[in-house]
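Each value in this text was obtained by applying a stated rule to the coordinates, not by laboratory testing. If you're wondering where the values come from, they're calculated on a predicted model, not measured in any experiment. Glycine gets a Cβ as well: all are built from the backbone with ideal geometry, and neighbour counts include every protein chain shown.
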Amino acid sequence: MPDSHKDNELELDLFLEAIYRKYGYDFRSYSRASLRRRIQNQLERFKLDNVCELIHLVIHDEAMFIEIFDHMTVNVTEMFRDPHFYKSFRENVAPQLKSYPSFKIWHAGCSTGQEIYSMCILLKELGLYDKAQIYATDIDHQVLEKAKKGIFPIDTVPLYSQNYQESGGLYSLSDYYTARYDSIIMDSSLKKNIIFADHDLVTDQVFSEMQVIICRNVLIYFNHSLQDRVFRLFSNSLDYGAYLCLGSKESLRFSSCHPLYKTLDNKYKIYQKTEQHEPFPLNSNNENSSE
Amino acid sequence: MNAFVTQKTEGLKKHHELIVIGASWGGLEALSAILSPLPKDFPLPILVVQHRQRNQLDSGFFIEILNRHCQLNVLEPDDKEHIETGNIYLAPSNYHMLVEHKGALALSNDEPVHYSRPSIDLLFESAAESYQENVIGIILTGANQDGAEGLQAINVRGGYTLAQDPATAEVDTMPLAAIAAAQPDAILPLKDIASFLIKFCKN
């Protein structure tokens, strides 16, 4: 085990730089504490002594990189995750959406799609689905393909159903899927207004004139300066009066964009943009510090 | 006199900046006993992982109980929360709590470690990584082995390590595992830990 903090950081920097230069994925500004642990797990998995050995492997073996990439990002999700968020969305956001002839929602970092379909179900129950255009994006092409299919293991149903009920769902979750063998398939009527697209919050640009951005439990994997870049990107993408929904332990408080927003729900982190501003500059993430 | 109780003082002269505490089964009572006597001007921030079943207890309940007894301010942090003196930060249930760098926390949904999320090991290892020898790590009562590796990580970096005397723990598995793994600098009965910290952290 290398003995000093600085040496460890140097190795990690070089590893992330190698991935970026070789494959274009930029993990350099991810939150260090958990990234370090995830990479440590990979060292143990492949029985390597140090990160330098891993650098050699990812540079010379693309298959190895793909293996490791899967473990660099976290794809924890479930339908109606944090049910009370959806309840709060019904109360704090939906009434305003009702007054619009049409609106756009960007679900950034949608992972395998469970939370997208949850939002679609909620919009349906509120009679808002036909007015909505939903953009579902993720950095990881493979999870996006899963999201598109909308097929989930059947053993998740008890948890998802319980979440649905707690979220204030009006009917039964089984109204929205078909069970087949050991899977459930989400109803295709939920998919028709969703556009799935590859998008990297670290390097890519804005989606314009959104009325809602949902980005839950994604930013916790980024360091402070990258979080701030993403908040600027979101602010550029949101209309005046539009809504930003974060994970319940993510906060705008530590961002320079905080003064642009009003907090509608401090527990489930729903914000409304209440200030106009010139578009913020978004250099592709060159303020790459380990802070 | 219990066979375990020991106390090395050479580590006490170092400059400490942070206390991390891990507790599991029986932890609420043990935490109250340690945290409630600490004065308002206690000079170090404190990070706590207390294992809880997901959704079993509203975390508001824990915070409320501890705040009722403590003079320091107990809170559940958001991601990237600043670490400040005068506060006790309790890991939210179902999130890992880590030290991102000196002065800031990070939360994560990464997989449970030894079936635990939050994991004591992750908090302790990340604290040791960022604060090096300036951390005090404390392992309390619990029915598993979480925290043993973390306490050892603090040891390796030269931080000060302390375990609750297993004879005074509601469940002794966790302090016993920590003692075996890390040979801590001090092993103290629950009732003595608070006064020890107050004396120890005075300067």
Quotient of Cα Rg and 2.2 N^0.38 Å for segment A:83-273, N being how many residues it contains = 0.99
task = Name all residues of segment A:21-63 having a backbone nitrogen under 18 Å from the label point set 7 Å from the Cα of A:LEU282 along its Cα→Cβ direction, giving them as ranges.
result = A:25-30
request  = Assign unit charges at the C-beta atoms only (+1 for Lys and Arg, -1 for Asp and Glu), then state the dipole size of chain A relative to its Cα centre in Debye, rounded to the nearest 20.
outcome  = 980
remark   = Listing B:LEU28, A:LEU16 by rising number of other beta-carbon atoms within 10 angstrom, fewest first, gives B:LEU28, A:LEU16
remark   = So the pair-distance distribution of the protein assembly as shown, from every Cα-Cα distance in 20 Å bins, comes to percents of 22, 52, 24, 1
ask   = For segment A:83-273, what's the relative contact order in percent, using C-alpha pairs closer than 8 Å and at least 6 residues apart?
value = 23
ask   = Counting other C-beta atoms within 10 Å, which of B:ILE139, A:ILE213, A:ILE68 has the fewest, and how do the rest follow?
value = A:ILE68, A:ILE213, B:ILE139
ask   = Between their Cα atoms, which of A:LYS87/A:LYS262; A:LYS87/A:LYS273; B:LYS40/B:LYS80; A:LYS98/A:LYS146 are more than 27 Å away from each other?
value = A:LYS98/A:LYS146
note = Once amide hydrogens are built 1.01 Å from N within the peptide plane, the residues lying 5 or more places from A:LEU264 or on another chain with amide H under 5 Å from its amide H are A:ILE270, A:TYR271, A:GLN272
key: Local net charge near A:MET79, Cβ-Cβ under 12 Å (Lys/Arg +1, Asp/Glu -1)   = -3
query = Applying the Karplus parametrisation 6.51 cos²θ - 1.76 cosθ + 1.60 with θ = phi - 60° to the phi angles of segment A:203-211, what ³J(HN,Hα) value in whole Hz is obtained for each residue in order, glycine and proline being reported as x?
reply = 10, 8, 9, 6, 9, 8, 6, 7, 9
ask   = Along the three principal axes, how long is chain B when you take its alpha carbons, biggest first, rounded to the nearest angstrom?
value = 40, 33, 32
task = Please work out how much length the chain gains when fully extended from A:LEU126 to A:TYR171, using 0.36 nm per residue of separation minus the C-alpha to C-alpha distance, in nm with one decimal.
result = 15.0 nm
request  = Find which of A:SER208, B:ALA181, B:ALA127 sits farthest along the positive direction of the dipole of the protein assembly as shown, computed with +1 on the beta-carbon of Lys and Arg, -1 on that of Asp and Glu, about the Cα centre.
outcome  = A:SER208
task = Let me know the charge dipole size of chain B about its Cα centre in debye, to the nearest 20, where only the beta-carbon of Lys, Arg (+1) and Asp, Glu (-1) is charged.
result = 560
task = Round to the nearest 0.05 the FRET efficiency obtained for B:ASN73 and A:LYS267 when R0 = 22 Å and r is the Cβ-Cβ distance.
result = 0.75
key: Proximal charge balance of A:ILE270 [Cβ under 12 Å; K/R count +1, D/E count -1]   = +3
query = Given segment A:5-72, what whole percent of its Cα pairs are spread farther than 16 Å?
reply = 38
ask   = For segment A:13-150, what is the largest minus smallest coordinate of the Cα atoms on each principal axis, given in angstrom and ordered from greatest to least?
value = 58, 25, 25
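Give me the net charge for the shell around A:GLU145: Cβ to Cβ below 14 angstrom, other residues only, Lys and Arg +1, Asp and Glu -1. Can you show the working numbers first?
Working: positive: A:LYS146, A:LYS148, A:LYS149, A:LYS191; negative: A:ASP70, A:ASP138, A:ASP140, A:ASP198.
Cβ neighbours under 14 Å give a net charge of 0.
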query = What residue among A:ILE66, A:TYR25, A:LEU54 has its Cα farthest toward the positive end of the dipole of segment A:5-72, where the charges are +1 on Lys, Arg and -1 on Asp, Glu, each on the Cβ?
reply = A:TYR25
inquiry  = Give me the extension gain from A:GLU17 to A:ALA179: residue separation times 0.36 nm, minus the current Cα-Cα distance, reported in nm with one decimal.
reply    = 53.9 nm
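Arrange B:TRP25, A:TRP106 by Cβ neighbour counts within 10 Å, fewest through most, would you?
B:TRP25, A:TRP106
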